[in-house]
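For reference, the structure is listed below as C-alpha cells.
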Amino acid sequence: MDHEPVLAREARDLLLPALEHGGVVVDGTLGRGGHARLILDGAPEAELVGIDRDPEALEACRTNLAAYSERVRFVRDDFARLSSVLERLGIAAVRGVLLDLGVSSPQLDEAHRGFSFRGDGPLDMRMDPTQRLSAAGVVNDYPVLELERVLRSYGEERYARRVARAIVRARPLSTTTELAEVVAGAVPAASRRTGGHPARRTFQGIRIEVNDELGELQRALPQVVDALEPGGRVVVISYHSLEDRIVKRFFNESAKGCVCPPDFPVCRCDAQASLRVITRSTVRPRSEEIERNPRASAAKLRAAERVSAEAAPLPGERKAS
C-alpha cells in the first residue's frame with residue numbers, strides 16, 4: 001500500500017515561510033518521502049536532509065525522491081542524534097525541521113515487520129532492524145510488573161495488569177497473531193465491543209518501549225531548537241496523547257521566557273524565550289483527509305518558530321503580559 005503523508009499540506013505551508021530564500025530543512029522521519037517531496041516542490045532553492053533509522057524506508061525514498069537527488073542528503077540515523085548528524089554533514093544551522101512521529105503505513109502493512117495486530121508476523125516492531133531489543137524480548141522476557149508498566153504507561157491500557165499476567169502465562173509467544181489473541185482473551189467482553197481492536201493499546205505500548213519513542217522525542221526537541229536559525233521553524237505531527245503532551249509542554253516552556261514570580265518588579269532569572277508557538281490551537285486533519293486515509297484521524301500538528309536573542313527580553317526586563 002502507498003503511504004499517504006498525513007497533514008502534508010499543512011506541514012508544508014507552515015515550513016515554507018522559513019524557506020523562502022532557501023536554506024536547509026531536515027525531515028527527521030523521512031519515511032517514503034511524501035512530506036519531503038511537497039517541501040522540495042514548494043521551496044525550489046532549499047536543500048533537504050532526510051533522516052530515518054529504517055533502511056527499507058530509506059531505500060524506497062531514494063527511488064521516490066530521485067528527481068530531487070541533487071538537493072537531498074539521505075542519512076540512516078535517529079532524529080534524536082540530530083546534532084551529531086548535522087555536525088557530520090558540516091551544517092551549522094537549518095531553516096526548518098519536520099518530525100512525523102510514530103509508525104508509518106508501510107511498516108504497519110508489511111506483516112514481516114511485526115507492527116500490526118491485523119497480520120500474522122514475527123514479534124519484531126523494530127524501526128531499526130539492527131537494534132537488539134525487539135517485541136519478542138519485551139513480551140517473553142520482561143517481568144510481569146515491568147510488562148504491566150509498559151502497557152499502562154505507554155499503551156494507556158486500562159487492563160494492563162490483566163493483560164500482562166495473561167501474556168506471562170501464555171509464554172513463549174512468537175507471532176503477532178498469538179499476542180493479539182492472548183490480549184483479546186484478557187480484556188473483559190464488554191470492553192472488547194467498543195474502542196476498536198482490544199490489542200491496539202498493547203501493541204502501541206510495546207512498540208513505544210521497543211523503539212524508545214518518547215525518550216527519542218524528549219532528547220530530540222532541545223537539539224531541534226539549537227539547530228534552528230532565528231526565524232526557522234519546527235513542525236511536529238503526533239498520533240497519541242503521550243507524544244502530543246511532550247511536544248506541547250516543550251513548546252510552551254520554550255516560549256515562556258521570564259519565569260520569575262509575578263510580584264517581582266524586574267526579571268532576575270535572565271531566562272529568554274527560544275521559541276514562538278505559531279499554532280495556538282492544535283491542527284487536525286480535515287474530514288476529507290480522514291475519509292481518504294482513516295489512519296490520519298488521530299494526528300495532531302504543532303509548530304513553532306525560533307526566536308532570535310534580540311527579540312527576547314533583556315536581562316532585568318519583563319515581557320509584557
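Just so it is clear, none of the values below were taken in a lab; they were calculated from the coordinates. Predicted model only: the values in this text are computed from it and were never measured. Please note: Cβ atoms are built from the backbone with ideal geometry, for glycine as well, and neighbour counts cover all protein chains shown.
Some notes on this structure:
- Among G231, I51, A303 - extreme Cα towards positive end, dipole of the chain, charges at beta-carbon: A303
- Rounded FRET efficiency, nearest 0.05, which uses the C-beta distance separating A67 from S308 and R0 of 35 Å: 0.50
- Given the alternatives (i) 30, 53, 17, 0; (ii) 33, 56, 11, 0; (iii) 30, 48, 20, 3, P(r) over Cα pairs in 20 Å bins from 0, in percent as computed for this entry is given by (i).
- Hz values of 3J(HN,Hα) by residue in region 25-36 - Karplus curve (6.51, -1.76, 1.60), Gly and Pro given as x: 10, 10, 9, x, 9, 4, x, 8, x, x, 5, 4
- Axis angle, to the nearest 10 degrees, between helix 160-170 and the longest C-alpha principal axis of the chain: 50 degrees.
- In degrees, nearest ten, helix 144-153 long axis to first principal axis of the chain (Cα): 50
- Dipole moment magnitude, nearest 20 debye, the chain about Cα centre, only Lys, Arg, Asp, Glu C-beta charged: 1160
- For F74, F117, F79, the sequence from fewest to most other C-beta atoms within 10 Å is F74, F117, F79.
- Cα-centre dipole for region 118-211 with unit charges at Cβ (Lys and Arg positive, Asp and Glu negative), debye to 20: 400
- For region 130-256, averaging the sequence separation of C-alpha pairs within contact (under 8 Å, six or more residues apart) and dividing by the residue count gives a relative contact order of 25 percent.
- Pairwise FRET efficiency - F264 versus D128, Cβ, R0 = 45 Å, nearest 0.05: 0.40
- The slack between R149 and R284, meaning 0.36 nm per residue of separation minus the straight C-alpha distance, is 45.6 nm.
- Between 0 and 90°, nearest 10: helix 55-64 axis offset from the chain longest Cα axis: 60
- Sequence-distant residues sharing a close amide H with L48 (under 5 Å, placed H): V25, V72, R73
- Here is how the number arises for the chain: DSSP H runs of 4 or more residues each give -39500 (n - 2.57), the sum is divided by the residue count, and the result at 222 nm is -11500 deg cm²/dmol.
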